[in-house]
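Here, each number is a calculation from the coordinates, and none is a lab measurement. It should be emphasised that the depicted structure is a prediction, and the values quoted were computed from it without experimental measurement. Note: ideal-geometry Cβ built from the backbone for every residue, glycine included; neighbour counts use all protein chains shown.
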């Protein structure tokens, strides 16, 4: 095939290029739009339903009508009820926890990822496999009982540190950093080292600035893992003052029925915060493309 | 620079993360797995060493084997589907086309939605009686589908729900990897006369090796660990057709208080995941 | 308690504790925590605190689906919090067996115990000791939409009538209407409120003389796959699959679609009476009759609800028991029952008696509460007493959901036997 590729490619260039040039973008956009429909329809329905009186939540879904995607019977009832119950505080609590996780956890995990990705040292593979990979393969919820005993012994029940500290080190994020830092060309690091930079300086001024896409991805992972945490916060800090977003949402599922519009309203607020944070960061991808493209 | 100080630096960098992981993850894991060797006599409240009695019990339990079978089928379906789609999506949104930024933003949306919320919303969308998917099928003249209530469709519905978040999430990492490939490398290939498919398989994929290793391993593990949609939507039914091992492990330990059997299942699963991940990492190992 | 801390944990803990000693200031009033559901709880807490200024109560409210795992982890870990726990009554024996609950006999006088419905006291006790005090109980009634009966040209039953399941089977398909002609009814004839829960469905085999569980509280083979169960759940299967008079699919709350006129009859709890009576927009004319039974069998009506217990490891025994005493007896029980947004059915005979005396229950529809109060005392059938209730309940819930959606009755019940047996093995 390879030997035939050359003549085919060059001869095709003269006749079929205009056709291909038109067909390809259409196919690309068709696929993009199909994906968008799958992504956006559930979200639009959930958003519209959250602005709908509870008894009309399913009204236009079956049989389906376009009204299902827009809040035609607009009401703020669900949001009013949620915020009257203290949802605002839960949003504040969770936001604070998630930002703290990104900042402190980000530093902790980046240092570890840097060590695993760029250094050779004794016990490297053993430490990586037995601590990082092993803890990564165990669902944290299923090991909650001993962790609960431990944290209870620290006196951390109903405290911020009880919510925050156990989630700071994140083996998935360490693994992610390790994989990406290992790809960085050695020449960049050597140049800085020759200039006398410390390893910490190399990480901060050389590695991190050229790793923006992965930093954004890692920050997003950490933010979302704390923002969406449910089982652990419910165990550690179930009092009203310390409730987090997902715990507050779960209260809409009662024994004698679910308040659907409140459940969906809570879910929409829970989703909109990370979305608002992600969209500005989306630029880093565009920058990376145009930046390198100009070189 | 002093070699001795050199030697200590990586350990210093590792210290905070590894300390936290050991205290809050590794020790609780070991303590949990340790439970698999104990039985709590519910008659006396005594906790006694039982050797492999719990393992014996689960290996002779048809429900365990049924769940095992469901988990194998689920993993063999969900991982290739998610990775293929994530790779396709990443390539698609890596194109330089007008308006691509908007598409990229939209595709990031599911990542922001928690798995619990996704499960609940999709559960409502797939509702047999008043769900929107059946509403759309009705408009198209297609018969109503039971989705989560049919032995044949329930596992596929769970795969759909898991992939709605999974595909965008993993494509985010692949996209980050694609952007690390210097354009001159691809341009050189084009000058050499490689067509798009050739340059993708011969140049792009090998350069994505580390990222793909990460995504493959992380996705495999994430899908092994997932049980929230099962807990919220099917409780393992209908007729155990979605009874993934992790859900059975959760149910035994946290609802039924059978910590020994739960821990035994967890250690069996952990061993299996460890082997699979080892194989995956070996297959995608670097030449370096 | 279980599980014991491994050495490793204890050692590291010692080191860490030195670094991170928490600042635990002792407040003036004692604070107790109450793990409970997301129902309106502030009201009763305020009333209690007003009468007991030395105690603060903090409600830790969780969703219904999360309560059981919360109790399992926190009490299983031997935690001293929460101090007070709301307990779904059939779980009392399982919790008592694990020594999670404080025996409550010294807390109540003989008169107070006698005031509770006997079935509620039994359900809250394990091996003769009271572990969870009754707060509320429940019963079941048939709710119906009069408009549906008019439309089908049928006569609705009176409040004191007790229809047979055979009559329901005859009426329900006549009250099922497919108005838009898409092949799926828009108005359904019948459903059980908790459509896949043993709480409500065990009345079917029990009416035929079947049992809920073997005498040892563990055996299910020959019990839940007995001819009575097969007959009862064939009836249940037929309702959804053959007569097509009840909707399949997800679990949902029938009261929601009863209010929109999309379901004509359902068997449900008395909490619906207040709900429908207080709904100013309700466009449905409704009525109530007694819980149905099989013509060849005897009446059997589900009962049981929420009790309240104290964590055996609590550091605030006095404050916790005072709160439990308050909410389960006398004035506190009455306040709980009257709380805004409530609708529970009291387990205290003195409070139940108020249905007969209070003027607000003189007229329809609230007078239906009197029917309910009577039904609660006539043939109450509590759920099975077994230390493995949660396993039993959850597995049967899956089973009923399968049967509802078309799985073979006998096969499904046999699978349930297999599954429950493998869970009960640990108690033998």
Take every Cα-Cα pair in chain B and report what % of them are more than 33 Å apart. 40 percent
So what does the Cα-only Debye profile of region B:8-140 read at q = 0.19 Å⁻¹, as log10 I(q)/I(0), no solvent term? -1.19
Angle between the Cα long axis of helix C:165-174 and the longest principal axis of chain C, 0 to 90 degrees, nearest 10? 70 degrees
To make sure I understand, if each residue's beta carbon is the centre and we count other beta carbons within 10 Å, what order do A:55, C:291 fall in, fewest to most? A:55, C:291
Out of the DSSP beta bridges found with both residues in the protein assembly as shown, what percent are antiparallel (nearest 5)? 60 percent
With just the Cα atoms of region C:177-252, tell me how far they stretch along each of the three principal axes, in Å, largest first. 52, 22, 17
Give me the angle, in degrees from 0 to 90, between the Cα long axis of helix C:317-328 and the longest principal axis of the Cα atoms of chain C, rounded to the nearest 10. 20 degrees
Which distance in Å, rounded to a whole number, links the C-alpha centroids of region C:81-150 and region A:71-108? 37 Å
Please state the relative contact order of region B:118-212 as a whole percent: Cα pairs under 8 Å, 6+ residues apart? 18 percent
Taking the beta-carbon count within 10 Å as an exposure proxy, list C:62, C:121 from fewest neighbours to most. C:121, C:62
Counting only helical runs of four or more DSSP H residues, what would the 222 nm mean residue ellipticity of the protein assembly as shown come to if each run contributes -39,500 (n - 2.57) and the total is spread over all its residues? -16500 deg cm²/dmol
Give me the inter-chain shielding for A:169-179: mean count of other chain Cβ atoms within 10 Å, whole number please. 5
Cα convex hull of chain C: how many Å³ per residue? 170 Å³
For residues of C:365-374, the mean tally of beta carbons on other chains within 10 Å: 0
So, for the Cα atoms of region C:242-364, Rg and Dmax in Å stand at 18.8, 57
Within 10 Å of the Cβ of an average residue in B:206-218, the count of other chain Cβ atoms is 3
Take every Cα-Cα distance within region C:315-407, group them into 5 Å bins from 0 onward, and report for each bin the whole-number percent of pairs it holds. 3, 11, 13, 14, 13, 15, 14, 10, 6, 2, 0
Sequence gap at least 6, Cα distance under 8 Å: using those rules, report the relative contact order of chain A to the nearest whole percent. 26 percent
Taking the Cα centre of each part, how many Å lie between region B:212-288 and region C:296-337? 39 Å
Separation in nanometres of the label points that stand 7 Å from Cα toward Cβ, at residue C:428 and residue C:150: 5.9 nm
Which semi-axes, in whole Å and largest first, does the equivalent ellipsoid of region A:80-294 have when worked out from the alpha carbon gyration tensor as the square roots of 5 times its eigenvalues? 37, 23, 13
Between residue A:99 and residue A:201, Cβ-based FRET efficiency (R0 22 Å, step 0.05) works out to 0.30
Against the longest principal axis of chain C, how steep is helix C:227-241, in degrees 0 to 90 to the nearest 10, with axes from Cα atoms? 70 degrees
Distance between Cα centroids, region A:202-245 to region C:343-400: provide it in whole Å. 47 Å
Based on the Cβ-Cβ distance of residue C:178 and residue C:285, what FRET efficiency does E = 1/(1 + (r/R0)^6) give at R0 = 25 Å, to the nearest 0.05? 0.65
Counting pairs of alpha carbon atoms under 8 Å apart in space and at least six apart in sequence, what relative contact order in percent does chain C give? 26 percent
Which FRET efficiency value, to the nearest 0.05, do you get for residue A:124 and residue B:195 by plugging their Cβ-Cβ distance into 1/(1 + (r/R0)^6) with R0 = 56 Å? 0.85
Need the full-extension length gain, residue A:26 to residue A:210, defined as separation in residues times 0.36 nm minus the C-alpha distance. One decimal, nm. 62.9 nm
Translational D (Stokes-Einstein, µm²/s) of the protein assembly as shown at 25 °C and 0.890 mPa s when Rh comes from the Kirkwood sum over C-alpha pairs? 80 µm²/s
Kindly put C:148, C:264 in sequence by how many other C-beta atoms sit within 10 Å of each C-beta, fewest to most. C:148, C:264
